[in-house]
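Quick notes on the structure that follows.
The values are calculated or read from the model by the stated rules, or taken from the named source; none is laboratory data. This is a predicted model, so every value here is computed, not measured. Please note: Cβ atoms are built from the backbone with ideal geometry, for glycine as well, and neighbour counts cover all protein chains shown. Areas reflect the complete protein model, heavy atoms only, side chains present, ligands, DNA and RNA absent. Shrake-Rupley method; radii C 1.70, N 1.55, O 1.52, S 1.80 Å.
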Amino acid sequence: MTLRLYNTLTRSKDVFTPIDPKAVRLYVCGPTVYDYAHIGNARPVIVFDVLYRLLRHLYGPGHVTYVRNITDIDDKINARAKEEGVPIGDLTSRTTKQFHADIAALNVLEPTHEPRATETIPEIITLIKKLIANGHAYEAEGHVLFDVPSMKDYGRLSRRPLDDMIAGARVDVAPYKRGEMDFVLWKPSGPDLPGWDSPWGRGRPGWHIECSAMSWKHLGERFDIHGGGIDLIFPHHENEVAQTRCAFGSQVMANVWMHNGFLQIDGQKMSKSLGNFLTINEVLKDWPGEVLRFNMLRTHYRQPIDWTVKGLEESRRILDGFYNSATARLTEEARFAEPVLEALCDDLNTPRAIAELHALDRPNFQMQLGATLNALGFTGKHVEDKAARIDEHKVNALIQARLAARAAKNWAESDRLRAEIDALGVVLMDNKDGTTSWEVKR
């Protein structure tokens, strides 16, 4: 099966050829842990989990390394800790734990490595030293900055006009910068902020250098795939490329760059000011994690997704229909049916893969359907959990009471009992032979 992936670097869908088929390497930008992760953060987590599963299927589980980082040193973190009046370490520990709990409900596999920026300071300092030695960085007033004009093909990934890149760089306007687009690699820290000793004084890293160091530490100077949200292309990923290439004198950092599209809520950009800002944690209170996962995958990862309650309702209905058919969903070994595999090998075409699941949803194909659902990260656990919480004895007793009320033509009592049973999460089915059966409400 030939895997083709859309590469932001080439702007084309190319055949994926790993550097080493026995050591396929994937890096994805993870969260900055200062608050609950919003629902948009769940999209790359789910998308690249599917890619990870696919790569493991194609090359073998022991031949794929997946790195997803944790950014635990950042100005947003510092500001939030100050606002809450808590130690920075307490804040990052709490929010990291919450992130892990939230995404576990989405049935994602754990990455091979989950490095933290604060654990990678030696590698960060080494990279900065290399950049200075190679003439691509300079020290100024306790800061170290990347010298953008020193890299002749800066901007190759994002392909943004020069004026747009300058506008983006002006977020860090400072008198000590030589050029408008130069960005910070290291900055000084006062006594109230986290800091580490370095050749340039006590300080902390800039955001971009962290990912360059973490990917280098775990995947090497050059690796196969780098993923993240489309909003990261510039400046974050552009600057990662610049740092890594200029530190090692290479032409490429990652061979393939993959970016998922934006997420909006009911046709609007998600914003706290609009009152439509949703966290993963909040959505999980109303919807099972597997429904969130399925809803994400109904839209191709490169396209924008409109997150609506109607979409979630439809996703739940479709997914539960699959579970009703796939009786072996919890016991069948996970494996992709060939039509689904073909769809995924076409740049993770999950809408087409779901269409193939519908084709499998018929007699004689339930085993394939169950195995493929498992391979895609769907287990039906929320249905089983719901069933486990229902008191069968109580349901059966209420059904018998309702049958007695119906026999006595006490229709008001019969309706009341039916409503009580419904509230337990049970659907009643009155059979032609006068008996009543029930099942867990989907």
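Between N281, N255, N324, the distinction of being surrounded by fewer than 19 Cβ atoms within 10 Å (Cβ to Cβ), outside any loop (DSSP other than H, G, I, E, B), under 22 Å from the mean Cα position of the chain (by Cα) and touching a residue at least 60 places away in the same chain (Cβ under 8 Å) belongs to N281 only.
Per-residue answers, yes or no, for (1) open to solvent by 30 Å² or more (accessible area, probe 1.4 Å); (2) within 23 Å of R53 (Cα to Cα):
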| site | (1), (2) |
| --- | --- |
| K269 | yes, no |
| D286 | yes, no |
| Q303 | yes, yes |
| W307 | no, no |
| S315 | no, yes |
| R335 | yes, yes |
| L344 | no, yes |
| P351 | yes, yes |
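If you go through region 190-207 and keep only what is touching a residue at least 60 places away in the same chain (Cβ under 8 Å) and either within 18 Å of L127 (Cβ to Cβ) or part of a helix (DSSP H, G or I) (or both), you end up with W196, S198, P199, W200, G203, R204, P205, W207. Taken together, the residues in region 258-278 that are under 21 Å from S12 (Cα atoms) and in a strand (DSSP E or B) amount to 3. When region 18-38 is limited to residues that are small (G, A, S) and under 19 Å from T112 (Cα atoms), the one that is surrounded by the most Cβ atoms within 10 Å (Cβ to Cβ) turns out to be G30. Give me the residue from region 71-100 that is open to solvent by 10 Å² or more (accessible area, probe 1.4 Å) and aliphatic (A, V, I, L, M) and, out of that set, farthest from L185 (Cα to Cα). The residue in question is V86.
Say we look at region 395-440 and pick out the residues that are part of a strand (DSSP E or B) and surrounded by 15 or more Cβ atoms within 10 Å (Cβ to Cβ); which of these is modelled with the lowest pLDDT?
V440
The single condition among (1) more than 30 Å from V15 (Cα to Cα); (2) exposed (fewer than 14 other Cβ atoms within 10 Å of the Cβ); (3) among the acidic types (D, E) that D361 does not meet is (2). Pairs please, first residue from region 333-353 and within 19 Å of Y59 (Cβ to Cβ), second anywhere and of a type in the set (V, I, T) and open to solvent by 30 Å² or more (accessible area, probe 1.4 Å), Cβ atoms under 8 Å, 6+ apart in sequence or on different chains. Every condition considered, the pairs that remain are C345/T2. Of note, I103 does not satisfy the criterion of being buried (at least 16 other Cβ atoms within 10 Å of the Cβ), over 30 Å from F378 (Cβ atoms) and β-branched (V, I, T). Take the conditions (1) at pLDDT 95 or above; (2) outside any loop (DSSP other than H, G, I, E, B); (3) of a type in the set (D, E); E110 misses just one of them, which is (2). Take the conditions (1) in a strand (DSSP E or B); (2) touching a residue at least 60 places away in the same chain (Cβ under 8 Å); V184 misses just one of them, which is (2).
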